Amino acid sequence: MSAAPGRPKQARTVAREGEGCPVSAVAPSQGAFRVHAHNPSDLVEQTYFRVHQERMADVPILNAALSVEAIDFQRWQGHWLGIVVTPWCMSVLLVPGSTDNWVWTGENKRRFVKFPAGEFAFLGSEEAELGEFQSCSLFSPMGKFSNQVEAAMTARASMVALLTAPPAPEARAAESSAAAAKPPVAQKVPVTVPVASDRPALSRRGFFSLRAR
């Protein structure tokens, strides 16, 4: 990691305090911007482990079945994009990978970032391990998840959905027409009665419902 020669441009932002899954509780400092030349997954986990211990230990919304995990961090438009799973939230993170095209939002201010799946609102944060970064909350609290594997699978599915453009209206119409034209297929009646489950399944429609308004 190396310090940037200057702070990137500031976005026009709208205050959004207390929403989603904020992490930082300190005022931003002018020397906090850092470029991460290497994958920041370890630093992300260090950051959220510390936040868990120092700020979230007695918070009643914690899901004891979950732990902190950085999921699928990868290069995206010169920066680092990934998801962090914690006992209290699941968030998409943007971490600076260069000085190019990084838009500083300021603490607890948001900006909209365009992905193939649409535009999403990201909240500016700052922590000692990472410097400046931005987050978009997907789930908070995390009571719907019964274990870490389930949460991690949902995180990976979310990343795929975020980076996948929805089909064009014509393609959707063609698929619907083709499905309607197919003759019905006889289905075997299951021997056992299926048990209802409240486990979260992130469908494309469900993911799009997370889009910023």
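Laboratory data are not the source of any read-out in this text; all were calculated from the coordinates shown. Being a predicted model, the structure only gives us computed values, none of them experimental. Cβ atoms come from the backbone with ideal geometry, glycine included; neighbour counts cover every protein chain shown.
Here are the numbers:
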quantity	calculated
Packing-based exposure ordering (other Cβ within 10 Å, fewest first) of Val35, Val59	Val59, Val35
Region 71-88 - phi-based ³J(HN,Hα) in whole Hz, Karplus 6.51/-1.76/1.60, Gly and Pro as x	10, 6, 5, 8, 5, 8, 6, x, 10, 10, 10, x, 10, 10, 9, 9, x, 10
Alpha carbon centroid spacing (whole Å) that separates region 50-103 from region 112-156	6 Å
Estimated vicinal HN-Hα couplings, Hz - region 99-114 in sequence order (Karplus 6.51, -1.76, 1.60; Gly, Pro = x)	7, 6, 6, 8, 10, 6, 9, x, 5, 6, 10, 10, 9, 9, 10, 8
Overall Cα dimensions of region 63-114, principal axis frame, Å, largest first	39, 24, 17
